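Shown next, in structure tokens, is the structure this report addresses.
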Amino acid sequence: MPSPKAKNPGRSGGSPVLGSTNGRYDFMSLTKPLNRSSPPLLLQRQGSDPTTARLRASESPTRRRGSSSSTGSAGLPEEDGIRLNPSFVRVALSSLLAIDLWLSKRLGVCACEDSSWGSVRPLMKLIEISGHGIPWLAGTAYCLYKSDSAAGQEVMLNLLMGLLLDLVLVTIVKAVVRRRRPAHNRMDMFATFSVDRYSFPSGHATRAAMCGRFLLAHLVLAAPLRVLVLLWAGLVGLSRVLLGRHNVTDVMFGFWMGYCQYNLVEMLWVSPQTLQGLLGQLA
């Protein structure tokens with residue numbers, strides 16, 4: 001009778017049995033060397049063991065991706081990561097900027113001759129010139145020179161100082177912000193300078209707000225004239241958007257800035273006595 005060991009030589013001595021039962025190779029022991037007649041270990045069939053399949057299925061792509069990303073990004077600095085949650089303030093400012101650009105483009109109906117309101121463009125340019133700095137500076141200097149009363153000279157002198165102050169402040173803000181003019185703007189403005197390439201804030205709007213408030217406070221005007229002053233200031237700001245010179249926020253900030261500039265002019269008000277004292281010290 002043949003020996004049982006001859007039928008199953010792999011059971012003796014704890015050596016591995018590399019049988020093909022159930023369509024796979026079973027390993028009974030990994031501590032002792034294999035027989036020379038047995039096939040190598042690397043020839044085991046993969047994917048047929050249910051236990052191995054469950055282990056591989058448990059290793060999901062998400063887990064593998066998370067482990068690889070955690071090991072790969074461990075050495076990267078934190079600031080190199082993409083911020084997927086921007087702040088509410090940044091989102092709000094971006095939305096307001098988009099609305100500002102869209103609204104400014106829609107209101108630029110006089111930007112060119114072939115625009116929808118191109119026939120009104122000459123009138124808007126006339127209003128634009130009425131709010132320009134050069135006519136105001138020249139007119140105020142002429143009135144100061146022709147004025148006979150001390151009160152008139154005092155008013156014209158401070159208005160001239162306010163215009164110069166407005167010119168300096170607007171130039172500084174434009175140079176700092178450097179916001180380009182709207183793309184649909186046609187650069188045919190009257191007496192422009194290098195700083196006029198920028199649009200924030202609107203110098204016409206600041207000048208109109210400051211001069212309008214100055215005239216209403218220091219000139220005795222009838223009610224219809226006061227209404228005309230307010231209407232002129234509003235039309236100057238509106239013309240900047242209709243002509244495509246500025247965005248809506250440029251004009252709104254310009255009105256606010258001009259309103260505050262008048263308060264600064266009142267704080268720095270120069271009386272004739274103060275001016276004579278300064279001239280006497282300089283002499």
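The values are calculated or read from the model by the stated rules, or taken from the named source; none is laboratory data. None of the values given here were measured: they were computed from a predicted structure. Heads up: the accessible areas ignore ligands, DNA and RNA and are worked out on the full protein's heavy atoms, side chains in. Shrake-Rupley method; radii C 1.70, N 1.55, O 1.52, S 1.80 Å.
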Checklist line | In Å², nearest 10: area of His132 left accessible to a 1.4 Å probe | finding: 20
Checklist line | Heavy atoms of Met161 accessible to a 1.4 Å probe, total area in Å² rounded to 10 | finding: 80
Next item on the list: Could you state how much accessible area Val248 has, in square angstrom rounded to the nearest 10, with a 1.4 Å probe and all protein chains kept in place?
Entry: 30
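Please arrange Lys146, Lys105, Lys174 by accessible surface area, largest first, computed with a 1.4 Å probe and ligands excluded.
Working: Lys146 115, Lys105 140, Lys174 10 Å².
Largest accessible area first, the list is Lys105, Lys146, Lys174.
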Note to self: For a quick size check, give me the Cα extents of region 102-239 along its three principal axes, largest first, whole Å.
What the structure shows: 50, 36, 22
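Keeping every protein chain in place, order Glu266, Glu154 by accessible area at 1.4 Å, biggest value first, i.e. largest first. Before the final figure, lay out each step's value.
On the way: Glu266 70, Glu154 45 Å².
In descending accessible area the options line up as Glu266, Glu154.
Please say if region 102-179 is rounded, prolate or oblate, where rounded means a/c under 1.5 for a ≥ b ≥ c the square roots of the C-alpha gyration tensor eigenvalues, and otherwise the choice is prolate for a/b larger than b/c and oblate otherwise?
Oblate.
Of Asp166, Asp196, Asp148, which has the most accessible area and how do the rest follow, probe 1.4 Å?
Numbers: Asp166 0, Asp196 30, Asp148 150 Å².
Correct descending sequence by accessible area is Asp148, Asp196, Asp166.
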